[in-house]
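Nothing in this text is a laboratory measurement; each read-out follows from the coordinates by a stated rule. Keep in mind it's a predicted model, so treat the numbers as computed, not measured. Neighbour counts run over all protein chains shown; Cβ positions are idealised from the backbone, glycine included.
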Amino acid sequence: MAKKGKTRKAYAKRFSVKKTGKVIHRTGGQDHFNAREPGKVTRQKRNDKTLTKTITKTIKRAIAR
C-alpha cells in the first residue's frame with residue numbers, strides 16, 4: 001500500500017488552491033515601509049497573485065490536496 005503524503009504546512013499557510021485549479025498567494029512586502037512607495041504599487045499589493053503553471057504543479061504536490 002502506498003504511503004500517504006504529508007502536507008507541507010509552510011506552503012499550506014501561504015498558498016490556496018481554488019476550484020478551477022489556480023494557486024493564489026498574497027503579495028509580499030505589505031507590512032511596513034509602504035508610505036514611500038507610489039500609490040500604484042500600494043494598490044497592486046492589495047490584490048492576490050496567481051502563480052505560473054510550473055510553480056503551480058510544485059505547490060499542489062506539496063499541499064497534497
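The protection proxy used here, the mean number of other Cβ atoms lying within 10 Å of each residue, ranks peptides 9-17, 34-42 as follows, highest first: 9-17, 34-42.
Sum up the charges of everything whose Cβ sits under 9 Å from the Cβ of Thr27, counting Lys and Arg as +1 and Asp and Glu as -1, but leave Thr27 out. The partial results should precede the final answer.
Working: positive: Arg26, Lys45, Arg46, Lys49; negative: Asp48.
Net charge around Thr27: +3.
Relative to the dominant Cα principal axis of the chain, helix 53-63 is inclined by about 60°. Only one residue of His25, Gln44, Thr54 has its Cα farthest out toward the positive end of the dipole of the stretch 5-65, where Lys and Arg carry +1 and Asp and Glu -1 on Cβ, and that residue is Thr54.
Only the Cβ atoms of Lys and Arg (+1) and of Asp and Glu (-1) were treated as charged; on that basis the dipole of the chain about its Cα centre amounts to roughly 440 debye.
Taking 7 Å steps out from each Cα toward its Cβ at Asp48 and Arg61 produces label points 2.4 nm apart.
Do you know the relative contact order of the chain, to the nearest whole percent, from alpha carbon pairs under 8 angstrom that are 6+ apart?
Values: 54 pairs, mean separation 28.8, N = 65.
Normalised by residue count, the contact order of the chain is 44 percent.
What the Cβ-Cβ distance of Ile24 and Ala2 gives, at R0 = 30 Å and to the nearest 0.05, is a FRET efficiency of 0.55.
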